[in-house]
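Peer 1: Let me begin by handing over the structure; questions about it come next.
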Amino acid sequence: MSERAWTFFRASWLALAVAMLSPISPILLVLIPMALMTLAFRLKDAMVVIVAGLVLLVAFGGGSAASDAGWMATRGWCLLLGGSFVIVTMAQRHRSTLSRAIAASVLAGCAVLASEIVRPGSLAELDWWMGTEIRSAADLAVGMFESVLSPAGESGERLSETLRLVVAFQQDTYPALLALASVAALSLGWFLVHRSRADFRELAAVRHFRFSDNLVWVLIAGLALVVFPAGALADRIGQNAALFMGALYLLRGVAILIWMAAASISSAWAALALSAVAVLLYPVVAGTAIVLGLTDTWVDVRRRLASARNDD
């Protein structure tokens with residue numbers, strides 16, 4: 001498979017991550033920030049700018065912010081996210097796309113928290129709307145499931161219990177899920193913005209995944225807010241910060257494991273067998289990946305392993 005084909009394969013995984021993680025419209029989460037990137041960095045390409053303008057016109061042309069809180073919340077977040085990415089990129093263009101996407105997501109999240117100071121009660125309204133959306137989506141999914149399989153008795157009770165657990169988890173953690181989806185959406189949008197240019201930029205392989213080591217303080221602060229009682233809001237912020245960074249460190253650890261496998265496995269069959277074992281032993285693999293990801297903050301595992309292999 002060519003490098004360009006691998007790049008589109010990685011882009012498809014980013015799109016899948018946005019679709020699976022985002023509690024709001026994944027299409028808007030990609031298109032609105034992408035349109036802002038286009039207007040900020042590709043003003044000389046008239047046709048592309050026209051398309052970006054049409055995207056914004058369609059995105060903001062329907063609905064009513066006065067009567068539909070979700071309309072405003074969804075588009076407001078997408079605007080904050082895209083604007084934050086543009087600002088971060090203008091200030092630090094040399095940083096990797098992923099680092100800028102994480103910084104933009106954190107900046108947009110801080111802006112949302114600041115809105116509570118300007119307009120007290122806004123976060124409670126957002127929570128209520130998001131909870132309603134999550135419950136509606138869950139009810140729709142269960143209705144479709146029941147119409148196909150018609151579960152009854154004990155199986156139906158288990159389904160209801162699982163549904164309650166999933167809904168409760170999503171209601172508590174949707175900020176972290178949205179932040180993770182936003183990072184993927186910004187990375188995908190930046191790739192698509194550059195895809196139609198002559199200076200086509202390929203997406204880096206998963207095994208090279210890394211981010212700023214300074215973000216470990218976000219994880220530490222999140223865990224501190226969870227451990228030390230400081231109110232319901234602080235606890236909620238801590239939980240979501242810990243989940244957000246935990247997911248990133250898990251992916252960083254997985255990247256290290258893939259790098260190690262790629263450096264030592266030469267057979268496709270061996271790679272397939274190792275992948276099957278990893279799936280079967282996913283709790284052990286996930287725990288190992290998180291430990292490796294955190295360790296990589298202080299010890300560049302891939303660089304040290306590469307140096308040791310070269311010395312041999």
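Peer 1: For the range 29-54, give me each residue that is surrounded by fewer than 19 Cβ atoms within 10 Å (Cβ to Cβ) and either among the aromatic types (Phe, Trp, Tyr) or assigned to a helix (DSSP H, G or I) (or both).
Peer 2: Once the filter is applied, which keeps residues that are surrounded by fewer than 19 Cβ atoms within 10 Å (Cβ to Cβ) and either among the aromatic types (Phe, Trp, Tyr) or assigned to a helix (DSSP H, G or I) (or both), the range 29-54 yields Leu39, Ala40, Phe41, Ala46, Met47, Val48, Val49, Ile50, Val51, Gly53, Leu54.
Peer 1: Same structure again: Condition check: crowded, with 16+ Cβ neighbours inside 10 Å and farther than 22 Å from Val167 by Cα. Does Gly83 satisfy that?
Peer 2: Yes.
Peer 1: Still on this model: Output the number of the condition that Val301 fails; it satisfies all remaining conditions of (1) modelled with pLDDT under 85; (2) open to solvent by 50 Å² or more (accessible area, probe 1.4 Å); (3) touching a Leu at 6+ places or on another chain (Cβ under 8 Å); (4) among the aliphatic types (A, V, I, L, M).
Peer 2: With (1) modelled with pLDDT under 85; (2) open to solvent by 50 Å² or more (accessible area, probe 1.4 Å); (3) touching a Leu at 6+ places or on another chain (Cβ under 8 Å); (4) among the aliphatic types (A, V, I, L, M) applied to Val301, the lone miss is (2).
Peer 1: For the range 205-229, which positions are outside any helix (DSSP H, G or I) and either touching a residue at least 12 places away in the same chain (Cβ under 8 Å) or surrounded by 15 or more Cβ atoms within 10 Å (Cβ to Cβ) (or both)?
Peer 2: Passing the criteria: Ala205, Phe209, Arg210, Phe211, Ser212.
Peer 1: Ok, one more. Give just the number: which of (1) open to solvent by 70 Å² or more (accessible area, probe 1.4 Å); (2) modelled with pLDDT of 90 or more does Ala232 not satisfy?
Peer 2: Tallying (1) open to solvent by 70 Å² or more (accessible area, probe 1.4 Å); (2) modelled with pLDDT of 90 or more, Ala232 fails exactly one: (2).
Peer 1: Among the candidates Met72, Met144, which residue alone is modelled with pLDDT under 70 and more than 30 Å from Ala205 (Cβ to Cβ)?
Peer 2: Matching residue, one of Met72, Met144: Met144.
The values are calculated or read from the model by the stated rules, or taken from the named source; none is laboratory data. Worth saying up front: this structure is predicted, and the values here are computed from it rather than measured. All Cβ positions, even for glycine, are placed from backbone atoms using ideal geometry, and neighbour counts span all protein chains on display. Areas reflect the complete protein model, heavy atoms only, side chains present, ligands, DNA and RNA absent. Shrake-Rupley method; radii C 1.70, N 1.55, O 1.52, S 1.80 Å.
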